[in-house]
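Engineer: First, the structure itself, so that you have it in front of you.
Values quoted throughout were computed directly from the atomic coordinates according to the rules given, and no laboratory measurement underlies them. Treat the numbers as computed from the prediction; the structure is a model and nothing was measured. When we count neighbours, we look across all protein chains shown, and the Cβ atoms used for this are built from the backbone with ideal geometry, even at glycine.
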Amino acid sequence: MSAKYWRLPQLSWRFAHVWRRNVMVWRKLAIPSMLGNLADPMLYMLGFGYGLGRMLPDTFGMSYIAFIAAGTVCSSTMMSASFEAMYSGFSRMHVQKTWDAIMNAPVTLDDVMVGEAIWAATKSFMSGAAVLLVAAALGLCQSALALWVLPVMLLTGIAFASLGLVMTALSPSYDFFMYYFTLFITPAMLLCGVFFPTDQLPQVLQHVASFLPLTHAIAMARPLMNDTLPASAALHTGVLLLYAAAGFYVALAMTRRRLLK
Amino acid sequence: MVYLTARSLRKSYGDHEVIAGIDLELKPGECFGLLGPNGAGKTTTLRLCLGLTDPDSGTISMFDLPVPRAARQARARAGVVPQMDNLDPDFTVRENLLVYGRYFGLGDEYINARIPALLEFAGLASRADDNIKTLSGGMKRRLTLARALINDPDLIFLDEPTTGLDPQARHLIWQRLRQLLAQGKTIFLTTHFMDEAERLCHRLAIMDRGRMIAGGSPRELVDTHIEPQVVEVFGDGAEAWAGAYGAGLSERCEKTGETVFCYARNVEPLLHDLEQRPELRYLHRPANLEDVFLRLTGRDLRD
């Protein structure tokens, strides 16, 4: 692939025009969108938390519903960022040609991509925050330390938005995203500690899990909601930052190749 | 002063050279048309001029700014009407204009002050709060044109502005474009409609297979490249007639489908001969740009 596509991103505040456009669309459907985003994680959290939790002793140092609440906050952030970056991003890029229209104005593809990544992260942040709010209302956040989950969600959102944008750049159609969900998102849901601790898994799967971004998000969110400072926070933050930066860079190069050829 | 200059542009995709060394220049106030069959390289030329793709070689400048390096700044003074409508389906007519103006860094107050006049221009004043999905094809085109004017551009690019529109809608677009020219705007359009080019453009270039193969005003092109009179002959036996008589009575005789085109400076002998043949129908007309176009780009179908 030509080296010019791998030029470093040219960052500017113009990304805000793109972000603001997406906010304006979202506001038209904000309530149903929020409720839709909240329904799925709530069902998992309450269903498993109360249903399964009743049969489990507090072996994780907390009630099972508190355990799963932390996992759900992170997984709903992951889901929301992925959906926005892939399905909605693909609609804007490929189906509606919204990005083409924007690039005819004095806005570059780099601006568009930054705007889209930050927007997907914003939307996922709102989803995660809604779950966190419900968890707090149910008394599942032990202290104000839980507020530190907010920046964790933002970072998680950016990481999954960037990874999603890579898929969007490569995708010929909506069907393509199923591969990503089947091969990446579903394994993350099951291996990264949403429903049970990763150390319950065979060694090999623990290894796989340690490379997945969701593991690192949960490793910070869970103690923070349980009034504990997470161990190796720098490592977890670093991994998420790495996924965000590398993912965005690859997504940008791939999208440049697709749209600016 | 020159608004847009391109020199020796080349661009290939793999082994296929889509732009094979073209030069062009646009002066303020003129309407320049790029005419060519499908796949001639018209859209790629526009994309190169706007800095949306890099040439393999050659130089471009818009408003004396180098493209693609400073294309973003140059686009601040340009308006673009793309071939495919890409209005924002999530917004109303008015919101489309507002949001597009923001991409230019314009303030809401400035944009909102411009919107009524733009809606008036587009004939959409009564549709301001309607969803895009309820607009007809012609309305969408007019809104796309109004959107391209949101930043009060000096140079407007239009890529096949009337493709897919019905005759009424096309005439309305042409009228608006003439209005813009009267206001002193500069227009760069691509088209494969000869009547469009003939009506609007001061200067034309005919493009085929990535090259400019002819240029000039519509009148000059007709005068330079083709005999002034045409007789079209159709009906059973037209082809046989052409072989036996038509070719001898005209300077050039070409067949497309079931029609024979006879080109000549003096068509009296042709018409006299045809009057004796009631089985053939014919039409005598002056040569036009379409004749030039077909002569230069050939009559074979382009897909």
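Engineer: Chain A: Rg/Rh from Cα coordinates, Kirkwood Rh? All intermediate terms of the calculation are to be shown ahead of the outcome.
Structural biologist: Values: Rg = 18.6 Å, Rh = 18.8 Å.
Radius of gyration relative to Kirkwood radius: 0.99.
Engineer: Given a Förster radius of 30 Å and the C-beta distance between residue B:1 and residue A:3 as r, what FRET efficiency does 1/(1 + (r/R0)^6) yield to the nearest 0.05? If you can, show how the numbers build up before the last one.
Structural biologist: Working: r = 36 Å, r/R0 = 1.21.
E(calc), rounded to 0.05, equals 0.25.
Engineer: Still on this model: Hull surface divided by four, with the convex hull built on the Cα atoms of the protein assembly as shown: how many nm²?
Structural biologist: Working: hull surface 130.5 nm².
Average of the hull's projected areas for the protein assembly as shown equals 32.6 nm².
Engineer: So what does the Cα-only Debye profile of the range A:1-103 read at q = 0.14, 0.21, 0.22, 0.25 Å⁻¹, as log10 I(q)/I(0), no solvent term?
Structural biologist: -0.76, -1.15, -1.21, -1.35
Engineer: Which one of B:5, B:62, B:43 has its Cα pushed farthest toward the positive end of the charge dipole of the range B:1-64, where Lys and Arg give +1 and Asp and Glu give -1 at the Cβ?
Structural biologist: About the Cα centre, the residue reaching furthest to the positive side is B:43.
Engineer: Let me ask something additional. Mind checking the dipole of the protein assembly as shown: about its Cα centre, +1 per Lys or Arg Cβ, -1 per Asp or Glu Cβ, Debye to the nearest 20? Walk me through the intermediate numbers first.
Structural biologist: Numbers: 53 positive and 53 negative charges, 295 e Å.
Taking the Cα centre of the protein assembly as shown as origin, the dipole is about 1420 debye.
Engineer: Here's a follow-up. Ignore the peptide's own chain and count Cβ atoms of other chains within 10 Å of each Cβ in B:96-104; give me the average, rounded. Before the final figure, lay out each step's value.
Structural biologist: Details: counts 1, 0, 1, 8, 6, 2, 9, 14, 4.
Per residue, the number of nearby Cβ atoms from other chains is 5 on average.
Engineer: Name the long-range amide H neighbours of residue B:3: under 5 Å, sequence gap of 5 or more, or other chain; modelled H, no Pro or chain starts.
Structural biologist: B:26, B:27
Engineer: What is the P(r) of the range B:227-286, as percent of Cα-Cα pairs per 5 Å bin from 0?
Structural biologist: With 5 Å bins starting at 0, P(r) equals 4, 22, 39, 26, 8, 1.
Engineer: Is chain B rounded, prolate or oblate when judged by the Cα gyration tensor, a ≥ b ≥ c being the square roots of its eigenvalues, rounded requiring a/c under 1.5 and prolate requiring a/b larger than b/c? The partial results should precede the final answer.
Structural biologist: Working: a/c = 2.58, a/b = 1.75, b/c = 1.48.
Prolate, since a/c reaches 1.5 and a/b exceeds b/c.
Engineer: Please arrange B:9, A:46 by counting, for each residue, the other beta carbons lying within 10 Å of its beta carbon, fewest first. Working shown, then result.
Structural biologist: Numbers: B:9 23, A:46 17.
Sorted ascending by nearby Cβ count, the order is A:46, B:9.
Engineer: Once amide H atoms are built 1.01 Å from N in the peptide plane, which residues 5 or more positions from residue B:252, or in another chain, come under 5 Å H to H?
Structural biologist: B:263
Engineer: List, in order, the whole-Hz ³J(HN,Hα) value for each residue of the range B:216-230 obtained from phi through the Karplus relation with A = 6.51, B = -1.76, C = 1.60 and θ = phi - 60°; use x for Gly and Pro.
Structural biologist: Using θ = phi - 60°, the values come out as x, 6, x, 5, 4, 4, 5, 5, 7, 9, 8, 5, x, 10, 10 Hz.
Engineer: List B:157, A:176 from most exposed to least, where exposure is judged by having the fewest other Cβ atoms within 10 Å.
Structural biologist: Details: B:157 25, A:176 14.
Lowest count first: A:176, B:157.
Engineer: Among B:192, B:202, what is the fewest-to-most ranking by other Cβ atoms within 10 Å? Don't skip to the answer; put the middle values down first.
Structural biologist: Working: B:192 18, B:202 14.
Starting with the residue having the fewest Cβ neighbours, the order is B:202, B:192.
Engineer: What residues have an amide H closer than 5 Å to that of residue B:67, excluding those fewer than 5 places away on the same chain, when H is modeled at 1.01 Å from N in the peptide plane?
Structural biologist: B:60, B:61, B:62
Engineer: Pop the C-beta distance of residue B:57 and residue B:283 into the FRET formula with R0 = 30 Å and round what comes out to the nearest 0.05. Provide the component values of the computation, followed by the final result.
Structural biologist: On the way: r = 46 Å, r/R0 = 1.55.
The pair residue B:57/residue B:283 has a calculated efficiency of 0.05.
Engineer: In sequence order, what are the phi-derived ³J(HN,Hα) couplings for the range B:255-262 according to the Karplus relation 6.51 cos²θ - 1.76 cosθ + 1.60 with θ = phi - 60°, rounded to whole Hz, with x for glycine and proline?
Structural biologist: 10, 10, x, 9, 10, 9, 9, 10
Engineer: Where nothing but the Cβ of Lys and Arg (+1) and of Asp and Glu (-1) is charged, how large is the charge dipole of the range A:3-259 around its Cα centre, in debye to the nearest 20?
Structural biologist: Values: 15 positive and 10 negative charges, 172 e Å.
For this selection, approximately 820 debye.
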